[in-house]
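Enquirer: Here it is, the structure in full.
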Amino acid sequence: MKSVIITKPGTIEIQEVEIPSISPYQALVKTEMVAFCNATDSKLINGHFPGEDTYPMALGHENVGIVTEVGSKVKNFAVGDRVIGGLIADFGSQGIHSAWGGFSEYVVVNDFEVLKEEGLATPEQGCWDSFEIQNTVPADIQPEEAVISCTWREILGAFKDFRLEPGKKVLVFGSGPVGLSFVKLGKLFGLAQVDIVDKSPAKLEIAKKMGADHTYTSEEVESEEFIAATNRSYDTIIDAVGLPSIVNTGLPLIKMAGDICVYGVMTQNPTLDMSRAPYNFNLYMHRWPTRPEEKAAMTTLAQWIREGKLSASDFISHRFKMDQLEEAYNAIKRNEVIKTVLTF
C-alpha cells in the first residue's frame with residue numbers, strides 16, 4: 001500500500017509499505033480521505049515539531065475510512081463502519097518512525113474501551129492517548145465532514161480548557177483553519193462576540209462569512225487608538241498561530257483576570273511584557289488535545305452538521321489526488337489553503 005513518508009526535513013514522498021496487520025483489539029480501515037493539518041503537518045515536514053526528529057517518518061493524523069476487518073476482541077467497531085482518527089503506530093521492521101502515519105491507504109483503529117476494560121490502556125502496554133479518539137462517526141456524516149471533524153472536535157474540545165462560555169467576548173488572532181474554526185464553532189456555541197485579526201484581507205473576508213463580528217488587521221489592533229477604544233473589554237484572547245508576539249499584543253486588550261489562550265505548539269519560548277498586562281490574568285497553553293473533551297465534541301458537531309449549521313465546504317478550499325502531494329503541500333506553503341483534502 002502507499003503511505004506518505006517524510007524522508008528528511010523538507011522532503012515528502014509516497015512510498016510502498018506493508019499493509020498493517022491487526023491485533024485482537026484492533027480494526028483495519030481502508031482510507032477514504034485525508035486532510036492536511038496546516039500547522040502540525042508543516043512543522044513535522046520541516047523538522048520543527050518538538051520531539052519528532054527520527055527519519056524516515058510516516059505522516060498524517062486527520063483521516064476518515066471504512067472498517068474492512070476487525071480483531072476477535074473488538075466490540076465497538078464493525079465491518080462497514082465509518083471511522084476517524086486511524087493511524088499506524090508501529091511500522092515493525094520497515095525502519096519507519098510513526099508521526100501517526102494516517103496518510104496511508106490502510107490504517108488501524110484500536111478499541112480503546114475494551115483496552116480500558118482489560119487494564120491495557122496504559123503507555124506501558126503500548127496504548128497511545130490517540131487511541132481514545134479513534135471513533136465511529138454516524139453513518140449520515142459524509143467523508144468530507146468526517147475528516148474536517150478531526151480539526152473541529154479538537155478545537156471544540158479546547159473550549160472547556162479555555163474557560164469559554166456563552167456570552168463571552170473573544171478576540172482571535174489568525175484566520176487559518178484553527179482561527180476560522182474558533183469563529184464558526186464559537187458563534188454556534190453561543191459566544192456573544194467573536195472578532196478576528198489577520199494580516200490577509202482575503203482571509204478576513206472569509207472570517208466574516210464564517211460569522212466574525214468584527215475583523216481587524218494586525219496593525220489596527222496594535223495601535224494606541226485601538227487599545228484605548230477597546231478599554232480592556234475582551235474576556236478572552238485566542239492565539240491560533242502560536243507566537244509570543246501575539247500573546248504580548250493581547251495583554252493590553254483583556255479584562256482584569258481575563259484569559260490569554262494559546263492553541264497549538266509554540267516553537268519559541270515566550271517572554272511576557274508585564275507592563276502591558278492587567279494585574280491579574282490567566283495564560284493557557286493548549287499544546288495537546290484533552291482527549292475526553294475532544295471525543296465528546298463529536299456528538300455536538302454531528303448535530304450541527306445535520307442541522308445544516310456546519311459544512312466542510314466552508315473550510316475545504318483545495319482538493320487533490322494523493323499523487324499530487326507536492327502540489328498540495330506547495331499550495332499550503334504559499335498560504336493559499338484553508339483546508340486541503342486528498343484521496344488515494
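The values are calculated or read from the model by the stated rules, or taken from the named source; none is laboratory data. All figures in this text were calculated on a predicted structure; none of them were measured in a lab. Backbone-built Cβ (ideal geometry, glycine too); neighbour counts: all protein chains shown. With ligands, DNA and RNA removed, areas are computed over all heavy atoms of the protein, side chains included. Shrake-Rupley method; radii C 1.70, N 1.55, O 1.52, S 1.80 Å.
Enquirer: What is the extension gain from E219 to D323, computed as 0.36 nm multiplied by their sequence separation minus the C-alpha to C-alpha distance, in nm to one decimal?
Expert: On the way: separation 104, 0.36 × 104 = 37.44 nm, distance 4.01 nm.
Using 0.36 nm per residue and subtracting the Cα-Cα distance, I get 33.4 nm.
Enquirer: How high is the FRET efficiency from H97 to T122, r the C-beta distance, R0 22 Å, rounded to 0.05?
Expert: Details: r = 22 Å, r/R0 = 0.99.
About 0.50, to the nearest 0.05.
Enquirer: State the percentage of accessible surface on the range 185-316 attributable to carbon and sulfur atoms; use a 1.4 Å probe and exclude ligands, DNA and RNA.
Expert: Here it works out to 51 percent.
Enquirer: In whole percent, and with a 1.4 Å probe on the protein chains, what portion of the accessible area of the range 1-99 is carbon and sulfur?
Expert: Details: 1990 of 4100 Å².
Answer for the range 1-99: carbon and sulfur cover 49 percent of the accessible area.
Enquirer: What's the angle, to the nearest 10 degrees (0 to 90), between helix 201-210's Cα axis and the longest principal axis of the chain?
Expert: So the helix axis and the longest Cα principal axis differ by about 80 degrees.
Enquirer: In square angstrom, what is the accessible area per residue of the chain with a 1.4 angstrom probe?
Expert: Values: 14650 Å² over 344 residues.
It amounts to 43 Å² per residue over the chain.
Enquirer: Which part of the range 172-209 falls in the paramagnetic zone of N335, meaning amide N under 19 Å from the point 7 Å along Cα-to-beta-carbon?
Expert: 172-181, 196-208
Enquirer: What does the convex hull of the Cα atoms come to per residue for the range 201-344, in Å³?
Expert: On the way: hull volume 23.2 nm³, N = 144.
Cα-based convex hull of the range 201-344, divided per residue, equals 161 Å³.
Enquirer: A further question on this structure: To the nearest 10 degrees, how steep is helix 291-306 against the longest Cα principal axis of the chain, on a 0 to 90 scale?
Expert: 80 degrees
Enquirer: Which FRET efficiency value, to the nearest 0.05, do you get for K255 and A78 by plugging their Cβ-Cβ distance into 1/(1 + (r/R0)^6) with R0 = 56 Å? Before the final figure, lay out each step's value.
Expert: Numbers: r = 50 Å, r/R0 = 0.89.
Efficiency, from the Cβ-Cβ distance: 0.65.
Enquirer: May I pose another question? Show me the GluC sites (Glu not before Pro) within the range 268-344 that DSSP assigns to loop and that have at most 12 other Cβ atoms within 10 Å of their Cβ.
Expert: E307, E336
Enquirer: Hey, another quick one. Would you work out which of P244, H214, A39 lies farthest towards the positive end of the dipole of the chain, given +1 charges on the beta-carbon of Lys and Arg and -1 on that of Asp and Glu, about the Cα centre?
Expert: After comparing all options, I get H214.
Enquirer: Of the listed pairs K43/K116; K116/K160; K208/K295; K169/K199, which have alpha-carbon separations greater than 26 Å here? Write down the numbers at each step before the final one.
Expert: Values: K43/K116 32 Å; K116/K160 24 Å; K208/K295 29 Å; K169/K199 21 Å.
Pairs exceeding 26 Å: K43/K116; K208/K295.
Enquirer: Can you tell me what percent of all Cα-Cα pairs in the chain are more than 36 Å apart? Working shown, then result.
Expert: Working: 12365 of 58996 pairs.
Across the chain, Cα pairs with separations above 36 Å total 21 percent.
Enquirer: If you add up the charges near L283, with Lys and Arg at +1 and Asp and Glu at -1, over every other residue whose beta carbon is less than 14 angstrom from its beta carbon, what do you get?
Expert: Combined, the nearby Lys, Arg, Asp and Glu give -1.
Enquirer: Work out the FRET efficiency for N269 and Q142 from their Cβ-Cβ distance, taking R0 = 51 Å, and round it to the nearest 0.05.
Expert: On the way: r = 42 Å, r/R0 = 0.83.
E(calc), rounded to 0.05, equals 0.75.
Enquirer: How far is it, in nm, from the label point at R291 to the one at E16 when both lie 7 Å from their Cα along the line to the Cβ?
Expert: For the pair R291/E16, the computed spacing is 3.5 nm.
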